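The values are calculated or read from the model by the stated rules, or taken from the named source; none is laboratory data. Nothing here was measured: the structure is a model prediction, and the numbers come from that model. As a convention, Cβ positions derive from the backbone with ideal geometry for all residues, glycine included, and neighbour counts pool all protein chains shown. Keep in mind that these areas ignore ligands, DNA and RNA; they rest on the heavy atoms of the full protein, side chains included. Shrake-Rupley method; radii C 1.70, N 1.55, O 1.52, S 1.80 Å.
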Amino acid sequence: MDASIQRLLTDKLYEKRKQGALELERLVRDAVANRDQDKLTKIIDQLCHDYAYAVHAPYARNGGLIGLAAASIALGSDEVARHLKEIIPPVLACFTDQDARVRYYACEAMYNISKVAKGEVLIYFNLIFDALCKLASDTELSVKNGAELLDRLIKDIVSESAAHYVSMLHINDALGSREKDSDGFPDYTDHENLETAFSLPKFIPLLEERIYVLNPFTRQFLVSWLTLLDTIPDLELVHFVPNFLAGLFKFLGDQNRDVFIATSGLLDKLLNEIVKIAKIKRNVEESRKTRLSLAADDGKDTGTPKTGSPGGSVVEDENAIDSAQSEDDDEYEDTGGDYLPGQDIEIDYAAILDILLKFVDPAQNKDIPLLRMEGLSKAKEEEIGMIALKWIATFFEVASGDILAFVPRLLGQVLSAMASQSEHFRAQAHAVNSALREYVIAYEEESQTEELPKPPPKDEQKPQQIEASEAKESAEETPTEKMPTADDKAQAEDSDDISRNLKEKVQLDYDEAVNILQEQLSNPQEETRNAAISWLRLLHRKEPEKVLVLNDGTFPMLLKTLSDSAEAVVTQDLALLSQLCKSSSDDYFTSFMVSLLDMFSTDRRLLEIRGNLIIRQLCINLNPERIYRTFADCIQQETVDIDFASTMVQNLNNNLITAPELAQLRSRLRHLDTNAKEGQSLFVTLFKAWSHNAVATFSLCLLAQAYEQAYSLLQIFADIEMTVNMLIQIDKLVQLLESP
């Protein structure tokens with residue numbers, strides 16, 4: 001550069017530096033006009049190393065920035081591309097200068113360079129984005145304003161050019177490598193797929209580094225960029241959702257409400273896009289199956305041409321197939337709003353589900369540094385959990401095949417959420433729980449009835465298409481050979497795929513599911529405990545040989561639950577225990593009865609409060625006679641705690657003579673003559689055990705109409721010392737005898 005320009009660019013007055021920039025612009029224009037590449041290179045090198053990188057000379061740095069901007073303007077859109085590699089790095093280096101004025105002038109210079117270079121700056125998008133990301137939280141207002149102007153310009157360039165713009169440097173390199181035609185021009189017949197200047201896969205790693213920032217301004221900056229990139233269909237940002245979804249959920253915990261609103265809006269858009277893509281894929285698959293079906297039907301109708309028949313060639317009704325294909329294409333294109341070509345977009349639903357489960361309860365991430373959110377109120381945690389549950393509920397429709405592996409974890413998260421104090425959060429958890437139950441039931445039913453499709457019979461396979469003349473000649477010699485068509489091969493491939501998928505199908509981890517449900521039985525919320533037992537009943541119905549077997553350690557847990565303070569939980573637990581007894585051996589049933597008696601023996605309050613409920617519920621779900629026979633056999637052997645045996649018989653007897661659930665057993669005892677041998681056996685078994693309680697034994701005799709035995713007992717009572725408890729029992733019996 002001329003000495004006069006150098007002096008002006010280093011002047012401390014802005015107007016002087018601006019004057020120097022204008023003179024530099026004229027100098028560069030002349031060099032461009034004269035195609036003096038050597039001079040241009042030296043000028044840019046001088047501006048970079050002697051000015052823009054002059055860390056300890058702020059005026060020189062400012063002069064270098066305005067000089068690089070002026071040089072870029074003078075180079076113009078066509079020429080600047082080859083020099084951006086030298087121009088952009090020193091400008092971006094000034095973004096981190098300690099002097100706020102230098103940072104502002106760097107934004108101004110980058111703005112002017114970008115206006116000239118346009119799509120060419122996309123090659124350096126990651127560097128520019130990273131610099132802007134840091135300036136988003138700058139404390140100086142003027143710098144923030146300058147950065148926002150530059151940010152808007154870069155967004156405009158990305159919006160217009162990111163999906164398709166190819167750098168002139170790449171084009172020139174490609175043209176230079178092409179072979180020349182006879183006239184000496186590059187051969188364009190080979191259409192190469194040149195790499196675009198902007199690459200989303202190369203940008204995502206940088207985004208992953210920045211997505212865990214804490215500054216609210218930087219978070220808003222990132223959300224605004226993700227929102228923009230999501231509006232460019234050809235970029236397919238939704239494919240990379242697992243890479244930044246966790247960071248977005250962390251944004252929801254920001255104390256700045258604007259960050260929450262912007263982030264939740266972006267999450268809604270991404271979820272809607274995922275749903276739309278799933279619908280498109282489903283419709284495309286249905287369309288493919290329809291075309292295969294139509295092709296197969298057409299093959300049946302066409303048949304094999306007969307010998308000597310006029311027009312004996314095989315002609316498929318391709319118009320009908322094309323028409324059906326067109327209709328199906330219209331169906332999946334009409335997805336509402338703008339058409340989204342999403343049939344080729346792959347989404348890792350499993351990775352997304354894994355992230356969502358971590359944010360149903362954000363408090364569980366306290367040991368994961370990247371996901372930890374500190375200082376959140378319970379209401380804020382539930383607000384984040386609501387959004388996670390909303391996504392999960394939607395995935396039952398769009399990604400049902402990926403949910404099975406997450407069922408145990410889903411159970412833990414959803415049942416815990418059902419214990420929330422927030423009505424809205426509980427309602428959302430209930431909705432997901434219901435959907436999950438339906439999913440598990442449907443999956444099991446499908447897996448039990450699923451069969452491999454059979455290949456089409458040989459006589460239904462379409463003959464290979466041949467020309468009319470060949471068909472006629474062949475018909476005179478031998479019958480037309482039936483060769484498999486492309487559709488038949490496709491069906492065979494589908495059959496192989498289904499077979500392979502069945503072998504590799506993910507199975508539900510019942511052990512993990514049961515362990516998680518056991519943990520939920522200690523949840524303080526009744527609704528959660530009730531739901532956990534309901535799930536255990538469902539899983540046991542599906543796989544009785546895998547769930548809640550005798551020696552798996554769950555039996556004591558179920559017995560302990562009988563002491564639950566909530567009657568509804570106890571009722572569910574009894575239904576589950578009854579279900580286990582029905583599907584197990586007699587040993588399990590006997591073990592249950594013995595354990596229940598031991599439990600009543602050690603916890604008399606449980607017998608007093610829940611004894612009647614437990615006995616009646618068991619009699620509803622199981623055979624009452626079997627229950628009473630087993631109890632009687634166990635009590636008859638009771639030799640240690642006679643007092644407990646008397647109390648237990650008293651409870652059993654009160655239910656026997658009054659409970660509606662035992663009406664059939666009472667009728668059996670009243671009519672012992674109907675089946676004399678079994679009836680007498682039942683009476684004798686009960687009588688031996690009931691002998692631990694005098695009044696109960698007398699009541700049994702009256703119920704069985706064994707009046708002589710009852711009379712004998714009364715004579716014995718005359719010699720027994722009457723206790724207060726016996727008198728109370730006799731008083732109750734008299735009241736029952738006198739009642740309707």
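Some notes on this structure:
- Here segment 20-97 is treated as a sphere whose radius is the Kirkwood value from Cα pairs; by Stokes-Einstein at 20 °C and 1.002 mPa s it diffuses with a coefficient of 174 µm²/s.
- From phi via Karplus (6.51, -1.76, 1.60), per-residue ³J(HN,Hα) for segment 371-386 in Hz, x at Gly/Pro: 9, 5, 10, 9, x, 8, 6, 4, 5, 5, 4, 6, 5, 5, x, 4
- Measuring between their Cα centroids, segment 252-293 and segment 564-583 lie 42 Å from each other.
- Pairs exceeding a 25 Å alpha-carbon distance, out of 279/546; 12/155; 12/144; 366/546: 279/546; 12/155; 366/546.
- Calculated on alpha-carbon atoms, Rg and Dmax of segment 661-739 in Å: 13.2, 39
- As computed over segment 1-158, the Cα convex hull volume per residue (Å³): 92 Å³
- Ranked from largest to smallest solvent-accessible area, with a 1.4 Å probe on the protein heavy atoms, 83, 239 come out as 239, 83.
- Per residue, the convex hull spanned by the Cα atoms of segment 585-654 measures out at 82 cubic angstrom.
- A DSSP coil position with no more than 13 other Cβ atoms inside 10 Å describes the following GluC sites (Glu not before Pro) in segment 637-740: 721.
- Within segment 409-436: backbone nitrogen closer than 14 Å to the residue 377 label point (7 Å, Cα to C-beta): 422
- Segment 604-713: Rg to Rh, with Rh as the Kirkwood radius over Cα pairs: 0.94
- Here residue 23 sits with roughly 50 square angstrom of accessible surface, probe radius 1.4 Å.
- Span per principal axis, largest first, for the Cα atoms of segment 544-587 (Å): 29, 18, 17
- Per-selection Kirkwood Rh - segment 527-677 (Cα, Å, 1 d.p.): 16.2 Å
- Largest first, the residues 528, 290 sort by 1.4 Å accessible area into 290, 528.
- In terms of distances greater than 26 angstrom between alpha carbons, the cross-link table entries 250/378; 358/378; 42/134; 118/250 yield 42/134; 118/250.
- Gyration tensor verdict on segment 190-238 (Cα atoms; rounded if a/c is under 1.5, prolate if a/b is larger than b/c, oblate otherwise): prolate
- Segment residue 522-residue 23, length gained on full extension (0.36 nm per residue, minus Cα span): 171.6 nm
- Compactness of segment 337-420 as Cα Rg over 2.2 N^0.38 Å, two decimals: 1.24
- The trypsin sites (Lys or Arg not before Pro) of segment 74-182 that DSSP puts in a loop, and whose beta carbon has at most 15 other beta carbons within 10 Å, are 178.
- In segment 34-79, the trypsin sites (Lys or Arg not before Pro) that fall in loop regions by DSSP, at most 14 other Cβ within 10 Å: 35
- Residue 353 contributes about 0 Å² of solvent-accessible surface, heavy atoms of the protein only, 1.4 Å probe.
- Prolate/oblate/rounded label for segment 1-60 (Cα gyration tensor, a/c 1.5): oblate
- Computed from phi, the 3J(HN,Hα) profile of segment 269-278 under the Karplus parametrisation 6.51, -1.76, 1.60 (θ = phi - 60°) reads 5, 5, 5, 4, 5, 4, 5, 5, 5, 4 Hz, with x in place of Gly and Pro.
- Summarising the label geometry, the points placed 7 Å from Cα in the beta-carbon direction at residue 149 and residue 258 lie 2.0 nm from one another.
- Shown in residue order for segment 615-622 are the 3J(HN,Hα) couplings computed by the Karplus curve 6.51 cos²θ - 1.76 cosθ + 1.60 at θ = phi - 60°: 5, 5, 5, 5, 6, 5, 8, 10 Hz (x for Gly and Pro).
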